[in-house]
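The values are calculated or read from the model by the stated rules, or taken from the named source; none is laboratory data. Predicted, not measured: the structure shown is a model, and the values here were computed from it. Positions of Cβ are backbone-derived with ideal geometry, glycine not excepted, and every protein chain shown enters the neighbour counts. Heads up: the accessible areas ignore ligands, DNA and RNA and are worked out on the full protein's heavy atoms, side chains in. Shrake-Rupley method; radii C 1.70, N 1.55, O 1.52, S 1.80 Å.
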Amino acid sequence: MTIGGWLARAVRDYADRGAAMGQIASEPRDEALYLILSTLGLPLESDPSVLGRRVSAAQSRALAEVFRRRLQEHVPAAYLTGEAWLGGLRFHVDERVLIPRSYFVEILDEQVDPWLRDPGSVASAADICTGSGCLAILLARHFRAARVDAVDVSAAALEVAALNVRRHRLSRRVFPVQGDLLASGTRGPYDVILSNPPYEPSAHVDRLPEEFRREPRLALDGGPDGLDLVRRLIAQAGRRLRPHGILMIEVGGGREAFEREFGHLEPHWFHTADGSDCVCLLQAARLRSRQPRARS
Ligand SMILES: C[S@@+](CC[C@H](N)C(=O)[O-])C[C@H]1O[C@@H](n2cnc3c(N)ncnc32)[C@H](O)[C@@H]1O
């Protein structure tokens, strides 16, 4: 069989098996081609003529095994290859961490600087709930003078973050820290804090497709309404930011509930290409001056 033949078969199997998408690709064809090229050790940027190349018997066995694990065992493609991409950067990933897909990648380079007095002099930043460390690394590359604390409660996730920090040669500026949000171990005060915390309501996590349930539950489950960690982070952050600092949080589908509870902090919602606009910014001054309202 040719690579093109394998691709056509895989795309049919993705449909037949109802494979869940959205972890590294939204289209089965893109993901299947990626898995084929990666399994055969071919460059991901191979030109279309590669589809006509014949596959040996040994290579066919390897492909059959990869698609068996992906489509019958529902192992996410990124865990099969051990890599994922965000903002054009490659990160090691495995079952210890969420597969990087944060909306922050759309926001950091284009929309954040206007909220800072002097973006070039940002000296101190934190990525709370760092997982693979992907956002801490993107932060450090955006704010080139900053030291960045990469905080996670999971020691296993921090091992992955530390590996990625080393691979991106940022060990002098990005520091994996084990801690419960901002409660311990972190330094500060920070100019910038960002967080992509677990924000799925617990009941949703139970209903996610198996591919997503293979990610750490600790990375997904945000409590009964998804806002458990958001609430605690907002309560802590005012004291840990510099006076003109900013806190940015991704809340997924939780915007309405967030607005009900924290609207008085006047969140700014960043624009994202799919219109979900699920990342907001809060200013230190407002976090400090306005006590959270009691929940009704
Ligand atoms: C949604 S994942 C985000 C990972 C990464 N920042 C990204 O965008 O791909 C959330 C992460 O929060 C971590 N986490 C959960 N509870 C935490 C807590 N109380 N304090 C710090 N980190 C926590 C999980 O271990 C997980 O790595």
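If ligands, DNA and RNA are left out, what is the accessible area of Cys129 with a 1.4 Å probe, given in Å² to the nearest 10?
Answer for Cys129: close to 30 Å² accessible.
Which whole-number percent is the relative contact order of the chain (Cα, under 8 Å, 6+ apart)?
Computed value for the chain: 14 percent relative contact order.
Go through Glu266, Glu215 and list them by solvent-accessible area, largest first, probe radius 1.4 Å.
Correct descending sequence by accessible area is Glu266, Glu215.
Just to check I understand the Karplus step: with θ = phi - 60° and J = 6.51 cos²θ - 1.76 cosθ + 1.60, what whole-Hz values come out for the range 256-271, glycine and proline as x?
My calculation for the range 256-271 gives 4, 5, 4, 4, 4, 8, 10, x, 5, 8, 6, x, 9, 9, 6, 7 Hz in order.
By how many degrees, between 0 and 90 and to the nearest 10, does the Cα long axis of helix 28-39 differ from the longest principal axis of the chain?
70
Can you work out the Karplus-derived ³J(HN,Hα) for every residue in the range 47-59? Use 6.51 cos²θ - 1.76 cosθ + 1.60 with θ = phi - 60°, whole Hz, and x for glycine or proline.
Couplings: 7, x, 5, 4, 4, x, 6, 7, 10, 6, 4, 5, 5 Hz.
Order Ser46, Ser132, most accessible first, counting only protein heavy atoms with a 1.4 angstrom probe.
If we order Ser46, Ser132 from most to least accessible, we get Ser46, Ser132.
About its Cα centre, what dipole magnitude does the chain give when the only charges are +1 on Lys and Arg Cβ and -1 on Asp and Glu Cβ, stated in debye to the nearest 20?
Working: 39 positive and 38 negative charges, 165 e Å.
About 800 debye.
How much of Thr130 can a 1.4 Å solvent probe reach, expressed as accessible area in Å² and rounded to 10?
Its accessible surface works out to 10 Å², give or take rounding.
Can you work out the accessible area per residue across the range 87-289, with the rest of the protein chains kept in place, probe 1.4 Å, in square angstrom?
For the range 87-289, the per-residue accessible area is 43 Å².
What Kirkwood hydrodynamic radius do you get for the chain when you take the inverse of the mean 1/r over all pairs of distinct Cα atoms, in Å? Before the final figure, lay out the partial values.
Details: mean 1/r = 0.0492 Å⁻¹.
Here the Kirkwood hydrodynamic radius works out to 20.3 Å.
With the other protein chains left in place, how much accessible area per residue, in square angstrom, belongs to the range 3-81 at a 1.4 angstrom probe?
Values: 4000 Å² over 79 residues.
With all protein chains present, the range 3-81 gives 51 Å² per residue.
Could you give the radius of gyration (one decimal) and Dmax (whole number) of the Cα atoms in the range 3-81, in Å?
Taking only Cα atoms of the range 3-81, I get Rg and Dmax of 11.6, 31 Å.
I need the shape label for the range 150-245. Rule: rounded when a/c is under 1.5, else prolate if a/b > b/c, else oblate, with a, b, c from the alpha carbon gyration tensor.
It is oblate, given that a/c is not under 1.5 and a/b is not larger than b/c.
Beyond 22 Å, what share of the Cα-Cα pairs of the range 214-296 remains, rounded to the nearest whole percent?
26
Taking all protein chains in place and a 1.4 Å probe, what share, in percent, of the accessible surface of the chain do carbon and sulfur account for?
On the chain, the fraction of accessible area on carbon and sulfur atoms equals 49 percent.
Calculate the FRET efficiency for Asp274 and Ser184 from the Cβ-Cβ distance with a Förster distance of 45 Å, rounded to the nearest 0.05.
Taking R0 as 45 Å, the efficiency between Asp274 and Ser184 is 0.80.
Looking at the chain, identify the longest residue range that excludes and avoids all trypsin sites (Lys or Arg not before Pro) in DSSP loops having at most 14 other Cβ atoms within 10 Å.
Details: sites that count: Arg53, Arg117, Arg144, Arg169, Arg172, Arg187, Arg290, Arg293, Arg295.
With a cap of 14 other Cβ atoms within 10 Å, the longest stretch comes to 188-289.
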